[in-house]
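Data block below; observations after.
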Amino acid sequence: MKSPLLTLPGAVPAEGVDEGVAAHYGDLFREQRALADGTGFVDLSHRGVVTVSGPERLTWLHLLLTQHVQDLPPHRATEALILSANGHIEHALYLVDDGETVWAHVEPGTQQALIAYLESMKFFYRVEVADRTADIAVVHLPAGSITEVPEGVAVRETPYGRDLFLPRGDLEAYADKAGPAAGLLAHEALRVEQHRPRLGFETDHRTIPHELGWIGSAVHLQKGCYRGQETVARVQNLGKPPRRLVFLHLDGSEVHLPVPGSELRLAGGEGPDGRKIGFITTSVRHHELGPVALALVKRNVPVDAPLLAGDTAAAQETVVEP
């Protein structure tokens, strides 16, 4: 679904999974600085929007999600995962309940599979699941923003800012009031700085929540059963995840960023050194930190080990403890 805000001056379309919104509006670093200062907004209208209504919505979702939502107070934002039977991450939901309806936004194009799963699990519960992507657009206001939120709009208030579930027909008019617009690349740069994983970027077919630091923020360890809980409990109580998320400072003298999927190797030496020990998941240019990235590495890689992403030198910061 193509955003009408792609007609704004300087808009350059994003590609891949983020197609449909602007990657930037002509000045990536200015847009980052604006968001960091609490001004402007980000058009996330390409993201899927799913609602769950009905008197048993929270009780029912509590059985399916990794997060404790049975007693979720109205207007309190949270995030949750849906796991496979083997504990691998299948869906990530960013949700809030407004007292009558649970609103969730999800990765672009994943809402159909999510809804199909939810529909298959309804049984006799009094709930209604709906795909609202066609009529609701997600807009992100950065932390510290004083931009007015329209009355009646569902809002997720988080430490990183506010996500608005705005009627799609109001998007252009709201953009005129909320500007300046910042593109998705600016939003992604701040996400990487904040060490926040993203489904489909930091995850693959075998990712478990412990590897990305999603325990606590998206996975509640003291709630009842849900699909994949056995894996979560076993790793939590008996072992360590096979991989861990790291934050990388990349050599700023390189012209090109290592692309997602680029192999990470230990720098120098022979024998075990030089073997593949991980891969880049997201790489960005940050307005203050320079070129940085998130990556998954093997758990036993020393935290002070110098790494190479292709020919680019990289130094680690710990996100998930070994």
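The values are calculated or read from the model by the stated rules, or taken from the named source; none is laboratory data. All of these numbers come straight from a predicted model, not from anything done at the bench. All Cβ positions, even for glycine, are placed from backbone atoms using ideal geometry, and neighbour counts span all protein chains on display. Just so you know, the surface numbers come from the protein's heavy atoms only, side chains and all, with ligands and any DNA or RNA stripped out. Shrake-Rupley method; radii C 1.70, N 1.55, O 1.52, S 1.80 Å.
Look at the Cα gyration tensor of region 139-267: its axes a ≥ b ≥ c give a/c of at least 1.5 with a/b at or below b/c, and that counts as oblate. Amide H contacts of H286 (H built 1.01 Å from N, in plane; Pro and chain starts excluded): V292 sit under 5 Å, all sequence-distant by 5 or more or on other chains. Mind giving me the FRET efficiency for S53 and I146? R0 is 35 Å, r the Cβ-Cβ distance, nearest 0.05 is fine. About 0.65, to the nearest 0.05. Taken about its Cα centre, region 204-322 carries a charge dipole of roughly 680 debye when the Cβ of each Lys and Arg holds +1 and the Cβ of each Asp and Glu holds -1.
Just round it to a whole percent: the fraction of Cα-Cα distances in region 1-75 exceeding 16 Å.
64 percent
Using the Cβ of T51 as centre and a radius below 11 Å, the other residues enclosed give a net charge of -4, where K and R count +1 and D and E count -1. The order of the peptides 108-116, 306-314 by mean Cβ neighbours within 10 Å, most packed first, is 306-314, 108-116. Here the 3J(HN,Hα) profile of region 289-303, calculated from phi with Karplus coefficients 6.51, -1.76 and 1.60 at θ = phi - 60°, is 8, x, x, 9, 7, 9, 8, 9, 10, 4, 4, 8, 5, x, 5 Hz, Gly and Pro shown as x.
Taking the Cα centre of region 1-77 as origin, sum charge times position over the Cβ atoms of Lys and Arg (+1) and Asp and Glu (-1), and report the length of that vector in debye to the nearest 20.
Magnitude of the dipole: close to 160 debye.
Put simply, the amide H of L264, placed in the peptide plane, has neighbours under 5 Å in I277, G278, F279, I280, leaving out anything fewer than 5 places away on its chain. For a straight C-alpha distance cut-off of 12 angstrom, the aspartates and glutamates reachable from K240 (same-chain residues fewer than eight places away being disregarded) are E211, E321. Going by accessible surface with a 1.4 Å probe and the largest first, E151, E100, E128 read E151, E100, E128. A simple charge model with +1 on the Cβ of Lys and Arg, -1 on the Cβ of Asp and Glu and nothing else charged puts the dipole of the chain at about 920 debye relative to its Cα centre.
Tally Lys/Arg at +1 and Asp/Glu at -1 over every other residue whose Cβ is under 14 Å from the Cβ of Q32; what's the total?
My count for the surroundings of Q32 gives -2.
The alpha carbons of the chain stretch over 62, 51, 29 Å along the principal axes, in descending order.
Modelled this way, with points 7 Å down the Cα-to-C-beta line, the labels at H205 and R265 are 2.6 nm from one another. Within region 185-256, the ratio Rg/Rh, alpha carbon atoms throughout and Rh by Kirkwood, equals 1.06.
Note that region 270-322, at 20 °C in a medium of 1.002 mPa s, gets a Stokes-Einstein diffusion coefficient of 177 µm²/s from its Kirkwood radius over C-alpha pairs.
Remark: region 236-252, residue by residue, has Karplus-estimated 3J(HN,Hα) of 5, 9, 10, x, 10, x, x, 10, 8, 7, 10, 9, 10, 9, 9, 4, x Hz, where x stands for each Gly or Pro and the curve is 6.51 cos²θ - 1.76 cosθ + 1.60 at θ = phi - 60°. Amide hydrogen proximity for R132: with H placed 1.01 Å from N in the peptide plane, the residues at 5 or more positions away or on another chain lying under 5 Å are V49, V50, T51. Contact order, relative form, for region 1-113: 22 percent (alpha carbon pairs under 8 Å, 6 or more residues apart, mean separation divided by residue count). For region 24-161, the residue among I89, Q32, W60 whose Cα projects farthest onto the positive side of the dipole built from Cβ charges is I89.
Please work out the average accessible area per residue across region 1-119, using the 1.4 Å probe convention, and give it in Å².
Numbers: 4660 Å² over 119 residues.
With all protein chains present, region 1-119 gives 39 Å² per residue.
Between T318 and H256, the modelled label-to-label distance comes to 3.4 nm, taking each label 7 Å out from Cα in the direction of the beta carbon. Note on L238/Q112: beta-carbon distance plugged into 1/(1 + (r/R0)^6) with R0 of 41 Å gives a FRET efficiency of 0.70. Applied to region 144-160, the Karplus parametrisation 6.51 cos²θ - 1.76 cosθ + 1.60 on θ = phi - 60° returns per-residue 3J(HN,Hα) values of x, 5, 10, 5, 5, 9, x, 5, x, 8, 5, 9, 9, 9, 10, x, 9 Hz, with x for Gly and Pro. Farthest toward the dipole's positive end in region 130-229, which of A175, G216, H195, given Cβ charges of +1 (Lys, Arg) and -1 (Asp, Glu) about the Cα centre? The residue sitting farthest along the positive end of the dipole is G216.
Largest first, the residues K276, K2, K240 sort by 1.4 Å accessible area into K2, K240, K276.
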